[in-house]
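Each remark here refers to the structure printed beneath this line.
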């Protein structure tokens, strides 16, 4: 019988996701429906379905949007080719790219212009990686694993740099970087770590959860990279872990012999889903809910200039520029 639900803090929405979802809602309020969004605004099926009901239209390509309409780029960022495609269709573009992803794009451009060969650490096919690769495709090679880093054949070792996807496992990425530094001692990295603060904080919180329970449930969608990394982090820290969209995906067999259940959420999962999971776990068990806080997040990101004075949604948080 479950006696306690231990909630990780921080969990759920990060500043970039909060900003991106609010951009869609403000655009709908300001410009009216339809508002087109390239790909999923964030990787969560509940969020996407809710925004669809409010009037957002999600498309796979900017080329699917009628001429002259409004298009929002997702939080994961896009390549210059996508921007050019939107310009060619004379679309009104609102960029919801997370500022921390934009930082990685800027680093790729800077290194490429300086004549560096770039090793991008990330997952092939992920939208964020595709966007970053598009900034300097001829200068960039992808490394997904330690094995990739061990076998890369790169000329001109004096002009090498590495960048990373923002939602990776902190520990796995460190191992890849260590290999790159061993093989290419003069390789350059970004001035500040590319893995975002929210990803790092949530993985650290999960490590703490795993020390106190044998089971950690991660609320998030299957295509959410940072949510998948939380499951991996919990498992490597000694706890069993499962990724669930919501409470309907909990298997009661997982709870056999478990007194304390750890719960967290990926950076694109809204808090209401976490509370639904907690309510399901507590129902009939008289379990208490305790929050395990490992850090406090205060970062927020400003809205794009097109929407600075647009009407905010009723559940919007105050927006300020990140420190």
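The values are calculated or read from the model by the stated rules, or taken from the named source; none is laboratory data. Not measured: the values here are computed from a predicted model. Note that we place each Cβ from the backbone using ideal geometry, even for glycine, and neighbour counts take in every protein chain shown.
Here the condition is being without any contact (Cβ under 8 Å) to a residue 24 or more places away in the chain, crowded, with 16+ Cβ neighbours inside 10 Å and not in a loop (DSSP other than H, G, I, E, B); of 142, 100, it holds for 142 alone.
Applying the set (1) in contact with a helix residue (DSSP H, G or I) (Cβ under 6 Å, 6 or more places away or on another chain); (2) assigned to a helix (DSSP H, G or I) to residue 167 leaves exactly one unmet item: (2).
For region 1-32, the candidate set comprises residues that are part of a loop (DSSP other than H, G, I, E, B) and more than 21 Å from the chain's Cα centre (by Cα); within that set, the residue that is nearest to residue 67 (Cα to Cα) is 32. Only one of the numbered conditions (1) crowded, with 23+ Cβ neighbours inside 10 Å; (2) within 26 Å of residue 275 (Cα to Cα); (3) not assigned by TED's automatic domain parsing to the domain that holds residue 268 is not met by residue 37, and that is (2). Look at residue 35 and say whether it is under 28 Å from residue 197 (Cβ atoms) and over 20 Å from the mean Cα position of the chain (by Cα). No. What about residue 172, is it over 19 Å from the mean Cα position of the chain (by Cα) and either part of a helix (DSSP H, G or I) or at negative phi (or both)? No; evaluated as a whole, the condition is false for this residue. Do you know which residues across region 43-73 are closer than 21 Å to residue 224 by Cβ, free of Cβ contacts under 8 Å to residues at least 40 places away in the same chain and not in a helix (DSSP H, G or I)? Hits for region 43-73 are 56, 58, 59, 60, 73. All told, residue 74 falls short of being touching a strand residue (DSSP E or B) at 6+ places or on another chain (Cβ under 8 Å) and surrounded by fewer than 18 Cβ atoms within 10 Å (Cβ to Cβ). The condition (being within 16 Å of the chain's Cα centre (by Cα) and exposed (fewer than 14 other Cβ atoms within 10 Å of the Cβ)) is satisfied by just one residue among 125, 88, 131, 115: 125. Scanning region 229-255 for residues that are free of Cβ contacts under 8 Å to residues at least 24 places away in the same chain and either within 20 Å of residue 122 (Cα to Cα) or buried (at least 20 other Cβ atoms within 10 Å of the Cβ) (or both) yields one hit, 231.
Residues that are assigned to a strand (DSSP E or B), at pLDDT 95 or above and surrounded by fewer than 17 Cβ atoms within 10 Å (Cβ to Cβ) within region 261-291 comprise 289, 290, 291, listed in sequence order.
Exactly one residue among 173, 151 is farther than 29 Å from residue 75 by Cα and either in the same structural domain as residue 232 (by TED's automatic domain parsing) or at pLDDT 95 or above (or both), and that residue is 151.
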